[in-house]
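The values are calculated or read from the model by the stated rules, or taken from the named source; none is laboratory data. In this text the structure is predicted, and so the values were computed from the model without any measurement. FYI the Cβ positions are ideal-geometry reconstructions off the backbone, even for glycines, and counts take in every protein chain you see. These accessible areas exclude ligands, DNA and RNA; they are computed on the full protein's heavy atoms, side chains included. Shrake-Rupley method; radii C 1.70, N 1.55, O 1.52, S 1.80 Å.
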Amino acid sequence: MSTNENSLELLREQLDATNLQLLELLSQRAELAGQLGKLKEAQGVPDFDPVREQQMLDKLIAANRGPFDDATIRQLFKNIFKASLNYQKEEHKKHLIVSRKNQPDSTVIKVKDTLVGGKASVMVAGPCSVESYQQTREVGEALKVAGVPILRGGAFKPRTSPYDFQGLGIEGLQILKRVGDELGLATISEIVDPRHLEEAIQYIDIIQIGARNMHNFELLKAAGETRTPILLKRGLAATMEEFLHAAEYIVSRGNTQVMLIERGIRTYEKWTRNTLDISAVPILKKESHLPVLVDVTHSTGRKDILAPCAKAALAAGADGIMVEVHPNPAVALSDAQQQLNIPEFHNFMSEVKESGLFKVK
């Protein structure tokens, strides 16, 4: 072997050794970044700190003795910083209680005799607002005939205008319980104030936290202190990451009975009330072990497309569907345009079931 060949082989061996040293140093850096990420999480500090990154780059540039120029050093380390930040985020995901990585098996929640997140699909239906016993009873009877196990109805209504109907409050919850007990239905209603939780759980089987309250952290914490199942709605402009972190607030306080519900997000589109994010269903099912439902009424605001959207949600893997039903939507005190009347509801149920996508026991 010639001298040049010996030199070439020696340099290659030195490069291989240096690569291994770099790999070891990068691994050490990643471990440090992971530890830093945990501390930031505990302190509520954002993962990305642009000021700190600039300080590190400035120190590196000041210490650069070549042969790489400053721009190359800057680009190399920015890539390393980015990789470390991504590693921090992945480690953070693993440690979320709601994460599929933390719990591979899907959570199944029992509400009376109904399993949410199990093998069978679940339908949740009822009026936007509880207006009277007679109104709620009439809807409940229709649900019973259709085999729907969970009756929904709003008692505390967060409305855009302070002059709109705000719900019957505790009286509305009492009506729900009465109808639920008479017909053997589980009940669900939205609670907006942590002070009402203790009394509310005497009347309802599931606490709903609405879209406008997804970031009401004190309400989330208080819901976590209960042991009543929670249905958490995605906020109007919430990312899926923010959605899962809101769920984490609840389960981190000990209440593991949390269900997620996609109800549409606010976009520029005006032909529907909101934009139904069907992609959220498989992504949430992949990232989290919690049951995922879809509210087709609030996401679309259009009775003519409720059934197609319900079928799309079920095809995407949703565990259940929520829809609003009223005996006479024209005189409803809220959401008059988007609620199904009882014949329309039966047609909706028939179409969804006939699709074969609605799984039965």
Residue within region 345-361 that is small (Gly, Ala, Ser), open to solvent by less than 60 Å² (accessible area, probe 1.4 Å) and in a helix (DSSP H, G or I) present: yes
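On the basis of being closer than 30 Å to Val98 by Cα and either over 18 Å from the mean Cα position of the chain (by Cα) or loosely packed, with under 15 Cβ neighbours inside 10 Å (or both), does Arg263 make the cut? It would help to see each step written out before you state the result.
Values: closer than 30 Å to Val98 by Cα: yes; either over 18 Å from the mean Cα position of the chain (by Cα) or loosely packed, with under 15 Cβ neighbours inside 10 Å (or both): no.
No.
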Any hit, region 263-280, residues being in a helix (DSSP H, G or I) and not aliphatic (A, V, I, L, M): no
Candidates Asn86, Asn19 - the one that is more than 30 Å from Tyr249 (Cα to Cα) and polar (S, T, N, Q): Asn19
Pairs with Cβ under 9 Å, 6+ apart, first in region 149-174 and acidic (Asp, Glu), second crowded, with 21+ Cβ neighbours inside 10 Å: Asp164/Lys157; Glu171/Val130; Glu171/Ala155
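For every residue, the table says whether it meets (1) under 16 Å from the mean Cα position of the chain (by Cα); (2) modelled with pLDDT of 95 or more.
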| residue | (1), (2) |
| --- | --- |
| Thr300 | no, yes |
| Pro308 | no, yes |
| Leu314 | no, yes |
| Gly317 | yes, yes |
| Asp335 | no, no |
| Gln339 | no, yes |
| Ser350 | no, yes |
Residues that are of a type in the set (Ser, Thr, Tyr) and open to solvent by 50 Å² or more (accessible area, probe 1.4 Å), drawn from region 181-223: none
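From the residues in region 124-177 that are aliphatic (A, V, I, L, M) and open to solvent by 50 Å² or more (accessible area, probe 1.4 Å), which one is farthest from Leu236 (Cα to Cα)?
Keep residues of region 124-177 that are aliphatic (A, V, I, L, M), which gives 124-125, 130, 139, 142-143, 145-146, 148, 150-151, 155, 168, 170, 173, 175-176.
Next, from what is left, pick out any that are open to solvent by 50 Å² or more (accessible area, probe 1.4 Å): 145, 168.
Numbers: Val145: 33, Leu168: 25 Å.
In this case the residue turns out to be Val145.
Applying the selection to region 293-310, what residues are touching a helix residue (DSSP H, G or I) at 6+ places or on another chain (Cβ under 6 Å) and surrounded by fewer than 24 Cβ atoms within 10 Å (Cβ to Cβ)?
Applying the first criterion (touching a helix residue (DSSP H, G or I) at 6+ places or on another chain (Cβ under 6 Å)) to region 293-310 yields 294, 296, 300, 306-307, 309-310.
Correct list: Thr300, Ala307, Cys309.
Take region 58-101 and flag every residue that is part of a loop (DSSP other than H, G, I, E, B), open to solvent by 60 Å² or more (accessible area, probe 1.4 Å) and without any contact (Cβ under 8 Å) to a residue 12 or more places away in the chain. Spell out how you get there, then give the answer.
Restricting attention to region 58-101, the residues satisfying the condition of being part of a loop (DSSP other than H, G, I, E, B) are 64-69, 96-98, 100-101.
Checking which are open to solvent by 60 Å² or more (accessible area, probe 1.4 Å) leaves us with 65, 67-69, 97, 101.
Arg65, Pro67, Phe68, Asp69, Lys101, listed by residue number.
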